[in-house]
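Following: one structure in structure tokens, then a few remarks.
The values are calculated or read from the model by the stated rules, or taken from the named source; none is laboratory data. Remember, predicted model here, so these are calculated numbers, not experimental data. Heads up, the Cβs are rebuilt from the backbone with ideal geometry, glycines too, and the neighbour counts pull from every protein chain shown. To get the accessible areas, we keep the full protein, side chains included, count just its heavy atoms, and leave off ligands, DNA and RNA. Shrake-Rupley method; radii C 1.70, N 1.55, O 1.52, S 1.80 Å.
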Amino acid sequence: MEYKSLLVTYNDGICTITINREKALNALNRTVFAELRYFFEEEGPQNKDLKGVVITGAGSKAFAAGADIKEFMDLDEAKAKSLSQNGHEVFFLIERFHKPVIAAVNGFALGGGCELAMACHMRIAGAKARFGQPEVNLGICPGYGGTQRLVQLVGKGKALELLLTADMIKADEAHRLGLANHVVEPGEEVAKATEILAKIASKAPLAVAKTVDCVNAYFDKHADGYDVEASTFGVLANSYDFKEGSAAFIEKRAANFKGE
Ligand code: CAA
């Protein structure tokens, strides 16, 4: 696919996806969603050398300032519901992706932008990042999972405060609440995310992928997370990588994982 609203680059197996709509503060329009869907459904899974993904925003002002409000003008009830469902599907692809995905939040992460960051496995905030769910200012509620993932990350009381007041919080506060994993100097967000991805790339790939599934099972109302964990533990115990990893430990050498 020829990307129009994303910049997709690779360096040593780590893919950086930059939402490339700087003039619109990287607002998430239909094209961004279609291209994210393509990456996480097609390009990413097909790339056997992929180690992890960083998502960031072009420029220094915004990660993403939300859903593209200019596309809201012709919405009726059915279209809005379908827009929200499409957002859910794409963000589930990210949340369930088998390689780690880290949001490098370089500025405003508002509304759909905050929801995109929350769908990633971790968030690195630049010191100038701002997080918020300002949808009630527009007479709407979050539509891309914000009412669910914000509760998961910061707890119900604080989530409701942020959702109902539309307050924007700074990077330090996001870190204190558990919304941001780390705060770094502005401009260092992608480097920090890349450093974490490189560390994860040295671990057993199958174990990493299955651990993501187990953690997601905690939030799946139809799954018993402990059951998923026990089955996964069994599957992994049967893997080449487990035999290799445990042999390498005993033999005091580095493991040579195959992802099998
Ligand atoms: N959608 C479309 N365009 C947007 C946008 C958005 N979410 N956010 C900013 N822009 C555009 C502005 O319209 C402006 O474009 P023009 O130059 O063509 O007028 C440009 O980006 C720069 O924005 P501002 O002039 O407003 O910049 P600022 O520095 O004065 O303010 C801001 C920055 C506080 C982030 C402000 O732009 C803002 O409040 N943006 C909207 C944030 C928002 O409400 N997000 C939630 C969207 S709804 C949603 O996401 C629902 C959902 O969950 C599905």
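Laid out as a table, the results:
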| item | result |
| --- | --- |
| 1.4 Å probe accessible area per residue over the stretch 1-61, in Å² | 51 |
| Accessible-area ranking of 200, 124, largest first, probe 1.4 Å | 200, 124 |
| Between the stretch 151-193 and the stretch 196-213, the alpha-carbon center distance in angstrom | 24 |
| Two-site FRET efficiency, residue 161 against residue 43, from Cβ-Cβ distance with R₀ of 30 Å, rounded to 0.05 | 0.20 |
| Candidate lysines - alpha carbon under 19 Å from residue 70, same-chain residues fewer than 8 apart omitted | 4, 23, 79, 81 |
| Surface share of carbon and sulfur [accessible, 1.4 angstrom probe, percent] for the chain | 55 |
| Cross-link table 61/170; 51/128; 99/203; 99/170, entries beyond 19 Å C-alpha to C-alpha | 51/128; 99/170 |
| Amide H partners (placed H, <5 Å) of residue 97, local residues excluded | none |
| Value of [θ]222 nm, deg cm²/dmol, for the chain, DSSP H segments ≥ 4, -39500 (n - 2.57) each, nearest 500 | -13500 deg cm²/dmol |
| Other-chain or far-sequence residues with amide H under 5 Å of residue 62's (modelled H) | 108 |
| Per-q log10 I(q)/I(0), the stretch 1-145, q = 0.12, 0.18, 0.21 Å⁻¹ (Debye; single scatterer per alpha-carbon; no solvent) | -0.44, -1.00, -1.37 |
| Computed accessible area, residue 1, all protein chains, 1.4 angstrom probe, square angstrom | 110 |
| Rounded accessible area per residue of the stretch 142-252, 1.4 Å, Å² | 61 |
| Net charge of neighbours whose Cβ lies under 13 Å from the Cβ of residue 104, counting Lys and Arg as +1 and Asp and Glu as -1 | -1 |
| Residues with amide H under 5 Å from that of residue 54, placed H, sequence gap 5 or more | 15, 16, 17, 102 |
| Sites residue 78 and residue 249, calculated FRET efficiency, Cβ-Cβ separation with R0 45 Å, nearest 0.05 | 0.20 |
| The chain: angle of helix 156-165 to the longest principal axis, Cα-based, in degrees nearest 10 | 30 |
| The chain - percent relative contact order, Cα under 8 Å, separation 6 or more | 16 |
| 3J(HN,Hα) from dihedral phi, the stretch 104-121, Karplus parametrisation 6.51/-1.76/1.60, rounded to Hz, x for glycine, proline | 9, 8, 9, x, 4, 10, 10, x, x, x, 5, 5, 5, 4, 6, 6, 6, 6 |
